[in-house]
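This report refers to the structure that appears directly beneath it.
The values are calculated or read from the model by the stated rules, or taken from the named source; none is laboratory data. Predicted model, so just to flag it, every value in this text is computed and none were measured. No Cβ is skipped: glycine too gets one built from the backbone with ideal geometry, and neighbour counts run over all protein chains shown.
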Amino acid sequence: MNPFQTILILAAAFLAVFGETVLSAPRAWLGAQVDLLPALMVFAALNAGLPTIAALAIFGGLWLDTFSANPLGITILPLFIIGFPIYVRRDLILRDLPFAQFVLGAAASALVPLLTLLMLLSGGQEPLLGWGTLWQWLVMTAGGAVATPFIFALIGACNGALGYKLRTEVSFRSDREIRRGRNLK
């Protein structure tokens, strides 16, 4: 496990939540706020370990709930529920394809608000629901789907620029000739 990548993912989550709270222009233009934490969870589930997924769910959920009208901690479980199945099946997922990233980002960005809403309703809360809720859900789903390949590229570039690279050298040189036979002169 790469501790630098964990720090990079958590820093990206903090900046994403900070950007969502400070920048009001996307919310004013679209009528909804795009949540980038599900897209970051897809990246963490495909490229990091289970402790990083848990840390992102806990810290990202708490950071997001601090600035929202949600009860504190309600977003933690939906984020983890999205990250864990992707982590378990990540060997079967084509993680380098932008289309696969787009689809996983759309699914995660659609399921996290639905699971959060389900938890709010089962907890006795009465959130405002209407046709505007459907629009907000569609904007969040589309925004998360579009943002996921960009998050993969951005964090991959930061990790390549700031992290260390593993040396993958072999001891066999390709320009070396091996002579076989009885005459070893």
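Quick check on this structure: which one of LEU138, LEU128, LEU115, LEU134 is closer than 24 Å to ILE76 by Cβ, assigned to a helix (DSSP H, G or I) and among the hydrophobic types (A, V, I, L, M, F, W, C)?
Numbers: LEU138 fails: closer than 24 Å to ILE76 by Cβ; LEU128 fails: assigned to a helix (DSSP H, G or I); LEU134 fails: closer than 24 Å to ILE76 by Cβ.
None of the other options fit; the residue is LEU115.
Among the residues of the range 63-85, is there at least one that is part of a helix (DSSP H, G or I), hydroxyl-bearing (Ser, Thr, Tyr), surrounded by 16 or more Cβ atoms within 10 Å (Cβ to Cβ) and touching a residue at least 24 places away in the same chain (Cβ under 8 Å)?
As a first pass, look at the range 63-85 and keep what is part of a helix (DSSP H, G or I): 63-66, 76-85.
Restricting the remaining residues to those that are hydroxyl-bearing (Ser, Thr, Tyr) gives 66.
Applying the additional criterion that residues be surrounded by 16 or more Cβ atoms within 10 Å (Cβ to Cβ) yields none.
Among the residues of the range 63-85, not one is part of a helix (DSSP H, G or I), hydroxyl-bearing (Ser, Thr, Tyr), surrounded by 16 or more Cβ atoms within 10 Å (Cβ to Cβ) and touching a residue at least 24 places away in the same chain (Cβ under 8 Å), which makes the answer no.
Can you work out which of the residues in the range 93-106 that are among the aliphatic types (A, V, I, L, M) and more than 14 Å from the chain's Cα centre (by Cα) is surrounded by the most Cβ atoms within 10 Å (Cβ to Cβ)? Please lay out each step first, then the result.
Going through the range 93-106, the residues among the aliphatic types (A, V, I, L, M) turn out to be 93-94, 97, 100, 103-104, 106.
From what is left, the residues that are more than 14 Å from the chain's Cα centre (by Cα) are 93-94, 97.
Details: ILE93: 16, LEU94: 10, LEU97: 12.
Filtering first and then ranking leaves ILE93.
How many residues are more than 28 Å from ASP96 (Cβ to Cβ) and touching a Leu at 6+ places or on another chain (Cβ under 9 Å) when one looks only at the range 22-57?
Summing the residues that are more than 28 Å from ASP96 (Cβ to Cβ) and touching a Leu at 6+ places or on another chain (Cβ under 9 Å) in the range 22-57 gives 1.
Six or more apart or on different chains, Cβ under 6 Å: which pairs go from a residue in the range 119-139 that's touching a residue at least 60 places away in the same chain (Cβ under 8 Å) to one that's aliphatic (A, V, I, L, M) and in a helix (DSSP H, G or I)? Could you list them?
From residues that are touching a residue at least 60 places away in the same chain (Cβ under 8 Å), the pairs are VAL139/LEU30.
Would you call ARG90 surrounded by 12 or more Cβ atoms within 10 Å (Cβ to Cβ), at pLDDT below 90 and of a type outside the set (S, T, N, Q)? Lay out the reasoning, then the answer.
Details: surrounded by 12 or more Cβ atoms within 10 Å (Cβ to Cβ): yes; at pLDDT below 90: no; of a type outside the set (S, T, N, Q): yes.
No.
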